[in-house]
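For reference, the structure discussed in these notes is given below.
The values are calculated or read from the model by the stated rules, or taken from the named source; none is laboratory data. These figures come from a predicted structure and were not determined experimentally. Backbone-built Cβ (ideal geometry, glycine too); neighbour counts: all protein chains shown.
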Amino acid sequence: MQGFPYSSVGIFAGKIVRVTESSYRCKMTDRVPSQQYGVLPWRRTDSLEILLITSRETNRWLIPKGWPIDGTSPSEGAAQEALEEAGIRGVVSVLSSGSFIYDKKLEGSVSQLCRVAVFPLEVNEIFDSWPEAHERQRCWFSPNQAANMVSEPELAEIIRGFARDQSAHTK
């Protein structure tokens, strides 16, 4: 399967196709993904750091994300989710760094396919208490560590690409 990237999501014959790094086999689905918005929280201390949070149910490491919020732009809604889920505030980009698709686990064995547009958020406030503090952990990672911690290959690639772009801008 030369020509396919390490991990990719795309449209083929009108269906969502995911090529995974573990099998290089295409998974096709007729399900249309629901839209969500998320932030890639970052800061620069001695080096670039990425903030990840845990999911409420499975304790997987991920970024703050959620459903569209009426009356807000996608990036503003994503920043609101960051405040609620991670207790952070900052300057959010209006430009997305990319998107990824994942299966959101709902009640029972039901899941919803979601596409998440990711907006970088430079963190300038970190709160000791926040609405979901009792349900989640948060931790700063190097970009490489963060990319290795998340389960979604497309999100890992967004993190790596953001780190490359930041590195190019600081030189």
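Counting only residues that are closer than 20 Å to Met149 by Cβ and either at pLDDT below 95 or β-branched (Val, Ile, Thr) (or both), segment 67-89 holds 1 of them. Asp103 meets each of the listed conditions (1) within 20 Å of Ser34 (Cα to Cα); (2) assigned to a helix (DSSP H, G or I) apart from (2).
For segment 74-82, the criterion of a residue being touching an Asp or Glu at 6+ places or on another chain (Cβ under 7 Å) and not charged (D, E, K, R) is satisfied by no position. Criterion applied to Leu40, Leu62, Leu48 was being assigned by TED's automatic domain parsing to the domain that holds Phe127 and either of a type in the set (D, E, K, R) or out of contact with any Pro (no Cβ under 8 Å at 6 or more places or on another chain) (or both), and the one residue passing it is Leu62. Residues in segment 111-136 that are closer than 25 Å to Asp46 by Cβ and either loosely packed, with under 12 Cβ neighbours inside 10 Å or not assigned by TED's automatic domain parsing to the domain that holds Ile69 (or both): Asn124, Glu125, Asp128.
Of all residues in segment 80-100, those satisfying the criterion of being over 22 Å from Pro33 (Cβ atoms), of a type in the set (A, V, I, L, M, F, W, C) and out of contact with any helix residue (DSSP H, G or I) (no Cβ under 8 Å at 6 or more places or on another chain) are Leu83, Ala86, Val91. Determine if segment 85-94 includes at least one residue that is outside any strand (DSSP E or B), more than 12 Å from the chain's Cα centre (by Cα), over 14 Å from Pro64 (Cβ atoms) and assigned by TED's automatic domain parsing to the domain that holds Thr45. Yes. Please indicate, with yes or no, whether at least one residue in segment 155-163 is more than 14 Å from Pro64 (Cα to Cα), modelled with pLDDT under 95 and surrounded by fewer than 17 Cβ atoms within 10 Å (Cβ to Cβ). No - not one qualifying residue is present in segment 155-163. Checked against the criterion of being more than 28 Å from Glu107 (Cβ to Cβ) and either aromatic (Phe, Trp, Tyr) or at pLDDT 50 or above (or both), segment 14-23 has no qualifying residue.
Just to be sure before I move on: is Leu62 surrounded by 15 or more Cβ atoms within 10 Å (Cβ to Cβ), out of contact with any Ser or Thr (no Cβ under 8 Å at 6 or more places or on another chain) and at pLDDT 95 or above in the structure I sent? Criteria not met by Leu62.
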